[in-house]
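Student: Below you will find the structure I want to go over with you.
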Amino acid sequence: MTKYTKYRVVFDDPDALDEPTKVLVPAQQWLDEAMAGNLPPIWVYWQLQDDEAKAIEEGRHSTFQHDPDKHALQWTAPRIGPLTEEEAMEYLVMKDLPRKCWAEEHNRPMFKIVRTEEVPSDRQFRNAWEMAA
Amino acid sequence: MSTLKVNDIEEATSGGGKIFPARAWVNFSGTGTISISDDGNVGSLTDETTGSYTINFSNNMASANYAPTGNSNFNNNRYGPYNDGQVVPRLLSSSSVYVFCTDGGGGINDQYGVYVTVTGYQ
């Protein structure tokens, strides 16, 4: 039976503050894997992100291939154990949000984990959304 | 459930050509509070702005040189004008793909149903 996740992540990209606020929706199957303890340590993804970011910076993204050993760690690194749904959301923030959102200090919150029903269901006034502290 | 682990899949007949399965797929509703109906190898989906979404993979592809394809329904009518939505992939990275959706008239719109499949090396 399909379940639906309780949470969403509302965030702004610090590099594109003029753009509308974005909403991240976790995939239920990913969340099930996280809660079953089937995820690798988060640094496995950071390492891949760093390597790709470097390739982009150096203008060789079109020919870039991940290092096979680092890439394989997604499946071979020891699993981190079961997470609660809340812990899984925090993991997802660190995996799928721009790192600047959560790793750097800003003069206002750049993201917030909210309950699904707190997200307005239409786009009207979305450019004016502001995250409360 | 058991897992079958192989490096390559080839046809048993017709010369044994290699088969390249999809590495990620997602079916989601892009209107209202967007929601994922079902997926494979998708960790999350970001609603960027009207008709524009980022699909974040659970596990990264080997490079950004994969092939995303998709289509969409602009509204809930089975037939009729402006129901033949297109999904246009833009920024590809090994961990995500940004797509935007157009209606039959060319405008970027939220779509009732969006369907994306990714093929390539992982």
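Student: Here is a list of conditions, (1) surrounded by 15 or more Cβ atoms within 10 Å (Cβ to Cβ); (2) touching a Gly at 6+ places or on another chain (Cβ under 7 Å); (3) away from chain B (no Cβ under 12 Å), and A:Arg79 meets all of them except one; can you say which number that is?
Tutor: Against the list (1) surrounded by 15 or more Cβ atoms within 10 Å (Cβ to Cβ); (2) touching a Gly at 6+ places or on another chain (Cβ under 7 Å); (3) away from chain B (no Cβ under 12 Å), A:Arg79 comes up short only on (1).
Student: Can you tell me which residues in the range A:67-88 are within 22 Å of A:Tyr7 (Cα to Cα) and in contact with a helix residue (DSSP H, G or I) (Cβ under 9 Å, 6 or more places away or on another chain)?
Tutor: A:Ile80, A:Pro82, A:Leu83, A:Thr84, A:Glu85, A:Glu87, A:Ala88
Student: Is there any pair linking a residue in the range A:40-69 that is of a type in the set (Gly, Ala, Ser) to one that is buried (at least 17 other Cβ atoms within 10 Å of the Cβ), with Cβ under 6 Å and at least six apart or on different chains, and which?
Tutor: Matching pairs, first to second residue: A:Ala55/A:His61; A:Ala55/A:Phe64.
Student: Let me ask something else. Taking A:Glu33, is it facing chain B (nearest Cβ under 9 Å) and modelled with pLDDT under 95?
Tutor: no
Student: Inside the range B:43-63, can you point out the residues that are within 7 Å of chain A (Cβ to nearest Cβ), within 20 Å of B:Asn109 (Cα to Cα) and part of a loop (DSSP other than H, G, I, E, B)?
Tutor: Residue satisfying the conditions is B:Thr50 alone.
Student: Out of (1) over 18 Å from B:Ser44 (Cα atoms); (2) touching a Phe, Trp or Tyr at 6+ places or on another chain (Cβ under 6 Å); (3) in the same structural domain as A:Val23 (by TED's automatic domain parsing), the odd one out for A:Phe111 is which?
Tutor: With respect to (1) over 18 Å from B:Ser44 (Cα atoms); (2) touching a Phe, Trp or Tyr at 6+ places or on another chain (Cβ under 6 Å); (3) in the same structural domain as A:Val23 (by TED's automatic domain parsing), A:Phe111 is out only on (1).
Student: Name the pairs whose Cβ atoms lie under 6 Å apart, with the first residue in the range B:1-23 and loosely packed, with under 10 Cβ neighbours inside 10 Å, the second of a type outside the set (D, E, K, R) and at pLDDT 80 or above, and 6 or more positions between them or separate chains?
Tutor: B:Ile19/B:Ile9
Student: So how many residues does the range B:37-52 have that are under 13 Å from A:Leu24 (Cβ atoms), modelled with pLDDT of 95 or more and in contact with a Ser or Thr (Cβ under 8 Å, 6 or more places away or on another chain)?
Tutor: Result for the range B:37-52: 4.
The values are calculated or read from the model by the stated rules, or taken from the named source; none is laboratory data. None of these values were measured; they are calculated from a predicted model. Note that we place each Cβ from the backbone using ideal geometry, even for glycine, and neighbour counts take in every protein chain shown.
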